[in-house]
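To start, the structure under review is shown below, and the notes come after it.
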Amino acid sequence: MLESIRQIPIDYYVYLSTLLFVIGILGVLIRRNAIIVLMCVELMLNAVNLLLAAFSTYLGDAQGQIMVFFIMVVAAAEAAVGLGILVMIYRNTKSTDISLLDKLRN
Amino acid sequence: MTLYLFLTLAVVSVITALLMVFSKSPVRSVLYLILTFFAIAGQYILLNAQFLAVVHIIVYAGAIMVLFLFVLMMLNLNSDTEPQKSTVWKLIAGIASGLLLVTLVGALRGSIQISTPAKLDGRVGLVENLGRVLFTDFVVPFEIAGILFLAAMVGAVLVGKRDLQV
């Protein structure tokens, strides 16, 4: 099964990851709900993970997949703390709108 | 065959990611993102990274997205209460991210030249091999990841407490 991966050029994985990453950036820019923004960050992390795993397989080196594992660890920790902060913000402002959080501007 | 599988999974992941960004209801966004994650897990299986595929489904679809869904339902956010950014801002954001896409694709086009080994090792992505690498070469980062999890857990509990007495 693994040899059939040669039918797919590595470029395809690079372009797919780039596309997913840019979609994540677009989501961060156009959405105002903080939960959706966090989800778009997760999508960007996943695009990078996919690229690391693809290069790891094409080069026959396991270290890329270990790096993906650590990125998943950090993403899980980030999601837990980020959602905790978000619940606290909601408790104070009764909203998850990120454009309300401009106290540092003035 | 493999190419068609790849293209199908790629189209599914890109379409569901776009639906996630553009859907009005936050709950639908979460469900579309779960579909995207399943498509990416399919890519991992295609790459013979079976450990990553299973861990990806367990961690993302099983833990992180359930956490998102849980917070969303606990805060009771409806679609009609969510404010939208102005059309001008959306246009600017679309142009900016489109320019980034064009720049990245233009910079990467034809520049990727790696030499794949003549005989690919099918055991690279299996649990046996990854476990050995993780507990020999990467044992210190692994322990640090454990400490990071402990710190994140304590931090999340402290941040989420209603009335904190220090």
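The values are calculated or read from the model by the stated rules, or taken from the named source; none is laboratory data. No experiment lies behind these values; they were computed from the predicted model shown. Here the Cβ positions follow ideal geometry from the backbone for every residue, glycine too, while neighbour counts run over all protein chains shown. Each accessible area value is taken on the protein alone, full model and side chains, heavy atoms only, with ligands, DNA and RNA left out. Shrake-Rupley method; radii C 1.70, N 1.55, O 1.52, S 1.80 Å.
Applying the criterion of being within 22 Å of residue A:39 (Cβ to Cβ) and of a type outside the set (A, V, I, L, M, F, W, C) to the residues of segment A:51-86, the residue that is nearest to the other protein chains (Cβ to nearest Cβ) is A:84. Being surrounded by fewer than 24 Cβ atoms within 10 Å (Cβ to Cβ) and either at positive phi or more than 7 Å from every other protein chain (Cβ to nearest Cβ) (or both) holds for only one residue in A:14, A:48, and it is A:48.
Could you list, in sequence order, the residues of segment A:27-37 that are in contact (Cβ under 8 Å) with a residue 12 or more places away in the chain and either surrounded by 23 or more Cβ atoms within 10 Å (Cβ to Cβ) or at the interface with chain B (Cβ under 7 Å from one of its Cβ atoms) (or both)?
Here is the first cut: in segment A:27-37, the residues in contact (Cβ under 8 Å) with a residue 12 or more places away in the chain are A:27-28, A:32-35, A:37.
Within segment A:27-37, A:27, A:32, A:33, A:35 qualify.
For segment A:17-26, which residues satisfy the criterion of being closer than 17 Å to residue B:49 by Cα and either open to solvent by 50 Å² or more (accessible area, probe 1.4 Å) or at pLDDT below 90 (or both)? Hits for segment A:17-26: nothing passes.
Restrict the check to segment A:74-96 and report whether at least one residue is within 30 Å of residue B:119 (Cβ to Cβ), free of Cβ contacts under 8 Å to residues at least 24 places away in the same chain and in contact with a Leu (Cβ under 9 Å, 6 or more places away or on another chain). Don't jump to the end; show me each part of the working.
Filtering segment A:74-96 down to residues within 30 Å of residue B:119 (Cβ to Cβ) leaves none.
Looking through segment A:74-96, none of the residues is within 30 Å of residue B:119 (Cβ to Cβ), free of Cβ contacts under 8 Å to residues at least 24 places away in the same chain and in contact with a Leu (Cβ under 9 Å, 6 or more places away or on another chain).
Residues in segment A:58-76 that are in a helix (DSSP H, G or I) and open to solvent by 10 Å² or more (accessible area, probe 1.4 Å): A:58, A:59, A:63, A:64, A:67, A:69, A:70, A:71, A:73, A:74, A:76.
Working only within segment B:91-114, note down all residues that are assigned to a helix (DSSP H, G or I) and modelled with pLDDT under 90. Explain how you work it out, then say what you get.
Within segment B:91-114, the subset assigned to a helix (DSSP H, G or I) is B:91-108.
B:108 - this is the single residue of segment B:91-114 that is assigned to a helix (DSSP H, G or I) and modelled with pLDDT under 90.
Looking at the structure I just gave you, is residue B:7 surrounded by 14 or more Cβ atoms within 10 Å (Cβ to Cβ) and among the hydrophobic types (A, V, I, L, M, F, W, C)? No: the conditions fail for residue B:7. You will find that of B:146, B:131, B:155, B:125, the residue that is part of a loop (DSSP other than H, G, I, E, B), under 28 Å from residue A:74 (Cα atoms) and open to solvent by less than 50 Å² (accessible area, probe 1.4 Å) is B:125 and no other.
Scanning segment B:97-115 for residues that are closer than 18 Å to residue A:30 by Cβ and facing chain A (nearest Cβ under 7 Å) gives B:97, B:100, B:101. The number of residues in segment A:87-106 being within 7 Å of chain B (Cβ to nearest Cβ) and either surrounded by fewer than 17 Cβ atoms within 10 Å (Cβ to Cβ) or in a helix (DSSP H, G or I) (or both) comes to 4. Scanning segment B:10-36 for residues that are facing chain A (nearest Cβ under 9 Å) and of a type in the set (Val, Ile, Thr), we see that the one that is most open to solvent (accessible area, probe 1.4 Å) is B:14.
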